[in-house]
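Notes for the one structure printed next.
Bear in mind these aren't lab numbers, they're just calculated from the coordinates by the rules spelled out. Since we're looking at a predicted model, the values are computed, not measured. Here the Cβ positions follow ideal geometry from the backbone for every residue, glycine too, while neighbour counts run over all protein chains shown.
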Amino acid sequence: MELTIKTDAEATHKRRIKEEIRETLREWENAKRFFEHALGHEQVDYAIHAIITAEKRYAMLIHKAKKMKGPWPQWEVVGQ
């Protein structure tokens, strides 16, 4: 019984991490699009900050996910 609870908790945690990774990737892509259309110094600075922040969060989440052992729920193609 304890193994099942631990396995369910790990699966739930992995699904949460997966969703955070997907969300962060969307934020990163949106920040890059914003940069492409930024007008003026302030918008460019804001876009650069948003890109850097999303990149760092994405890298942190990927690192966290790689440290987790065991099978992962199936990953869907991003953008679908």
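Structure values in brief
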{"quantity": "Inter-label distance for THR12 and PHE34, nm, one decimal - labels placed 7 Å from Cα along Cα-to-Cβ", "calculated": "3.3 nm"}
{"quantity": "Rounded to whole Hz, the Karplus (6.51, -1.76, 1.60) HN-Hα couplings of the range 48-64, x for glycine and proline", "calculated": "4, 4, 5, 5, 4, 4, 5, 4, 5, 5, 4, 4, 5, 5, 4, 4, 4"}
